[in-house]
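In what follows, a structure is listed as structure tokens, so that the remarks can point back to it.
What follows is calculated from the coordinates using simple rules that are stated; it is not laboratory data. Worth saying up front: this structure is predicted, and the values here are computed from it rather than measured. Cβ placement follows ideal geometry from the backbone for every residue including glycine, while neighbour counts extend to all protein chains displayed.
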């Protein structure tokens with residue numbers, strides 16, 4: 001029975017980018033403003049990213065949502081002039097607009113039409129309330145494309161976990177000890193080998209067909225070891241890792257004392273591997 005070890009790993013990394021989320025179309029009269037989306041950055045702050053397309057120039061800025069709402073309730077130019085604006089850009093018709101927002105305080109997107117009835121250009125958002133009688137002027141068609149920062153590749157990654165294959169304390173003999181271990185389920189599968197013995201040992205993980213040859217003819221062990229790079233000679237206490245690919249096929253562990261000995265002696269062996277436990281077909 002396999003024993004799960006509480007450790008996970010992943011072979012790939014998720015990648016993130018700005019992804020189109022929604023569009024908003026607005027028609028602005030001269031000197032009008034539009035209150036866009038409210039952003040709520042986390043403890044470390046955050047970024048926002050939008051595309052703007054307008055027929056006539058507009059001013060874009062970010063303001064603290066509570067200050068902006070208060071200004072709307074007390075509409076006068078002085079109130080708007082005292083607001084804190086971030087990332088203000090004027091005379092915009094087409095642009096990609098980005099702004100880094102401070103942490104843990106909602107901010108709102110503000111877009112203002114810069115025209116006045118005589119087609120002069122206003123000088124910033126505080127001029128929004130300077131409206132008088134005006135003749136008809138064609139509306140300013142404004143399109144806002146909102147983006148979200150989201151995963152774009154490797155979004156559902158396989159999940160891996162360590163599993164114990166063998167943990168045993170056994171009595172040493174001059175005959176090689178052989179364990180049938182695993183057939184790799186993917187390229188690069190990791191195997192961890194740990195041994196503790198009272199005398200120097202040779203330990204190797206090699207294709208099962210060569211391990212079978214050693215079982216039938218122990219004197220073929222030296223030549224069989226040439227078929228693997230996952231081996232250690234003359235070790236008594238060691239932990240080492242090996243990696244296997246699908247084409248390597250079934251693998252077995254072979255352990256043999258390097259020297260003759262007398263009496264009863266025992267060695268400890270433990271092997272673990274990383275296996276996929278979820279989203280394995282991704």
Using helices alone, I'd like the mean residue ellipticity at 222 nm for the chain: each DSSP H run of four-plus residues gives -39500 (n - 2.57), total over residue count, nearest 500. -2500 deg cm²/dmol
When only Cα pairs under 8 Å and 6 or more residues apart are kept, what is the percent relative contact order across region 159-278? 53 percent
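Give me Rg over Rh for region 15-153, both radii from the alpha carbons and Rh done the Kirkwood way, two decimal places.
0.99
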Residue exposure sequence - 268, 171 - by fewest surrounding Cβ within 10 Å: 171, 268
Give the calculated FRET efficiency between residue 23 and residue 91 to the nearest 0.05, with a Förster radius of 22 Å applied to their Cβ-Cβ distance. 0.45
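If you rank 49, 91 by fewest surrounding Cβ atoms within 10 Å, what's the result?
91, 49
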Using the beta-carbon distance between residue 246 and residue 69 and R0 = 45 Å, what value does 1/(1 + (r/R0)^6) give for FRET efficiency, to the nearest 0.05? 0.15
If you stretched the chain out fully between residue 185 and residue 51, how much longer would it get, using 0.36 nm times the residue separation minus the C-alpha to C-alpha distance? 43.7 nm
In a Debye calculation with equal point scatterers on the alpha-carbon sites of region 168-229 and no solvent, what is log10 I(q)/I(0) at q = 0.28 Å⁻¹? -1.45
Over the chain, what is the relative contact order in percent, taking alpha-carbon pairs closer than 8 angstrom and at least six residues apart? 26 percent
Span per principal axis, largest first, for the Cα atoms of region 159-278 (Å): 49, 25, 18
Fewest to most neighbouring Cβ within 10 Å: what's the order for 34, 243? 243, 34
For the chain, what D do you get in µm² per second when you plug the Kirkwood radius from alpha-carbon pairs into Stokes-Einstein at 20 °C and 1.002 mPa s? 86 µm²/s
